[in-house]
Amino acid sequence: MENTRVRKINKKCIIMLMIFLTFSLLGVFYIVHITGTSNCRFFMWEIRSIARFFCNEESHIYSSLESALYEPKKVYILDLYKKNLTHLSPEFGNLNSLVELNLGYNQLVELPSEFGKLSKLLKLSLHNNKLKKLPAEFGNLTSLVQLDLQYNQLVELPSEFVKLKDLMFLDLSDNQLTKLPVGIGKLKDLQQMNLNANHLTHLSLEIGNLRNLKKLHLSYNKLTKIPPEIGNLKKLEMLTLNNNQLYQLPREIGNLTNLKVIYLSGNLLPVEEIIKFKKLLPDCLIDPEEE
């Protein structure tokens, strides 16, 4: 009786999944045609997540590092959130089937060079650790689409970081970065970048190459000016610049015709600069209250 019930559930799951995948693949074809392959890869990752929900595919999801290292080739998703980890052994690199990894809220100070072997990773969370630097091999994670490094102690990023050309979502907020690596403009698929609460004193002119950005967060830094290349970010919808040391805005900011919200409070901007901005982009909200 129990076996019959399981077969019925599995049959229902397969039917639902086939219907879902049919419509999803149509979406993939559209994305490939309109927006490019990296967006398609991220969409496929989302499909896999929903498929896992439908069929309860728990066999490849692990929350124990010991179990994961016992059969590393079977581990696709590893959740080590709040496990009090202080270090990762070189054997961690054997988990090279991983596509999703959560190491948030641990006590990691560094990552082993073998971390670079996780080349299939699409989503990586390393937030709320004590990382002071990233190994050069971090640049080998070229499949990454989403990367969360907020609340660490990073002072700089390795030059190899700019090899992560499929990144769409990047969070580096609440670190100690003083500059961005040369070549940051190569991350042309970025849609959201959060650099809040760092020690940035200037922005590279390469920022203008990130033309797919929709959200750019630069609050609570030490910026004194914004380069005119900011005007190249025609898709930008939100820009946070509050609590810096800005005394002027480039006229090119008026090119951001899709900008809906900008935060400017806590700077050295004279009233004349705010008036000028309002004339350039009259429909953009300035310092709206958080809901």
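The values are calculated or read from the model by the stated rules, or taken from the named source; none is laboratory data. Quick caveat: nothing in here was measured; it's all calculated off a predicted structure. So basically every Cβ, Gly included, is an ideal-geometry build from the backbone, and we count neighbours across all protein chains shown.
For region 253-291, which residues satisfy the criterion of being closer than 21 Å to Asn221 by Cα, among the charged types (D, E, K, R) and not in a loop (DSSP other than H, G, I, E, B)?
Within region 253-291, just Glu273 meets the criteria.
Is it the case that region 123-133 has a residue that's at pLDDT 95 or above and over 30 Å from Thr178 (Cβ atoms)?
For region 123-133, residues at pLDDT 95 or above and over 30 Å from Thr178 (Cβ atoms): absent.
Against the definition (touching a Phe, Trp or Tyr at 6+ places or on another chain (Cβ under 8 Å) and either closer than 23 Å to Gln146 by Cα or in the same structural domain as Val271 (by TED's automatic domain parsing) (or both)), how does Lys214 come out, yes or no?
Criteria not met by Lys214.
Taking the condition of being under 17 Å from Thr142 (Cα atoms) and part of a loop (DSSP other than H, G, I, E, B), how many residues in region 77-106 meet it?
The total comes to 5.
Among the residues of region 201-219, what is the count of those that are closer than 8 Å to Gln191 by Cα and within 13 Å of the chain's Cα centre (by Cα)?
Going through region 201-219 one residue at a time, the tally reaches 3.
From the list Leu216, Leu149, Leu187, pick out the single residue that is within 21 Å of Glu110 (Cβ to Cβ) and out of contact with any Gly (no Cβ under 6 Å at 6 or more places or on another chain).
Details: Leu216 fails: within 21 Å of Glu110 (Cβ to Cβ); Leu187 fails: within 21 Å of Glu110 (Cβ to Cβ).
Answer to the selection: Leu149.
Go through region 206-219 and give me each residue that's free of Cβ contacts under 8 Å to residues at least 40 places away in the same chain, crowded, with 20+ Cβ neighbours inside 10 Å and out of contact with any Asp or Glu (no Cβ under 8 Å at 6 or more places or on another chain).
If the condition is that a residue be free of Cβ contacts under 8 Å to residues at least 40 places away in the same chain, crowded, with 20+ Cβ neighbours inside 10 Å and out of contact with any Asp or Glu (no Cβ under 8 Å at 6 or more places or on another chain), then Leu210, Leu213, Leu216, Leu218 are the ones that fit.
Quick one: in region 220-244, which of the residues that are of a type outside the set (Val, Ile, Thr) and outside any loop (DSSP other than H, G, I, E, B) is surrounded by the most Cβ atoms within 10 Å (Cβ to Cβ)?
Only one residue fits best here, namely Leu239.
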